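Data first, discussion second: the structure below is written as structure tokens.
The values are calculated or read from the model by the stated rules, or taken from the named source; none is laboratory data. Because the structure is a prediction, the values reported are computed rather than measured. No Cβ is skipped: glycine too gets one built from the backbone with ideal geometry, and neighbour counts run over all protein chains shown. Note: accessible area is taken over every heavy atom of the protein model, side chains too, but ligands, DNA and RNA are not part of it. Shrake-Rupley method; radii C 1.70, N 1.55, O 1.52, S 1.80 Å.
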Amino acid sequence: MLRSLVGSEMCIRDSHQFKVVLIGPQGTGKSTIFRQLVSDSTCTKHMGRVDCGRRSYSGNGTSVTLSLWDTQGPPSRIPSHVFQAADAVMVVCDASRAFCFDTGVRWLRAVAEIRSRGGASCK
């Protein structure tokens, strides 16, 4: 995509979009990460167990749009469409709580199972 802005003469030569789904046990900081990354966003939606926000960053001729999905609950209770076309699934863990790492591994396996059933296709 080529977009020129008259005045400041900023030229965007490359444009990228990434969808990232945050999963992890309650109280690990998923929503804090979400709010930090999309706090100035004009595009946020609440959909039951999922919040979705979008934020664009640009510089050096490149524009990056981050679509961030903040989830609540285990993957089995999150609608499979949330994982569709995801570029990444990030497990958020609290390093001070050891059980979070075991839970995180189980949750990644659950996401892989959802994908293998054809319920979602991740990039």
Could you work out how far apart the two model spin labels at ASP102 and ASP14 are, taking each label as a point 7 Å from the Cα in the direction of the beta carbon, and quote it in nm?
4.3
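Work out, in µm²/s and without decimals, the Stokes-Einstein translational diffusion coefficient of segment 51-123 at 37 °C, 0.692 mPa s, Rh from Kirkwood over C-alpha pairs. Provide the component values of the computation, followed by the final result.
Working: Rh = 13.9 Å.
Translational D for this selection: 237 µm²/s.
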Summed residue charge, Cβ within 14 Å of PRO74's Cβ, Lys/Arg positive, Asp/Glu negative
+3
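Provide the per residue accessible area, probe 1.4 Å, for segment 47-111, rounded to a whole number of square angstrom.
On the way: 3340 Å² over 65 residues.
Ligands and nucleic acids excluded, the result is 51 Å² per residue.
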What is the set of long-range amide H partners of CYS93 at a cut-off below 5 Å, with H atoms built 1.01 Å from backbone N?
none
For TYR57 and ARG77, FRET efficiency with R0 = 25 Å and r from the beta-carbon atoms, rounded to 0.05?
0.20
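Could you tally the net charge around GLN26, taking each other residue with its Cβ under 14 Å from the Cβ of GLN26, Lys/Arg +1 and Asp/Glu -1? Don't skip to the answer; put the middle values down first.
Working: positive: LYS30, ARG49, ARG77, ARG97; negative: ASP70, ASP94.
Result for the local shell: +2.
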To the nearest 10 square angstrom, what accessible area does PHE83 show with a 1.4 Å probe?
0
Ignoring ligands and nucleic acids, what accessible area does ASP102 show with a 1.4 Å probe (Å², nearest 10)?
100
When all protein chains stay in place, what accessible area (Å², nearest 10, 1.4 Å probe) is found for LEU108?
80
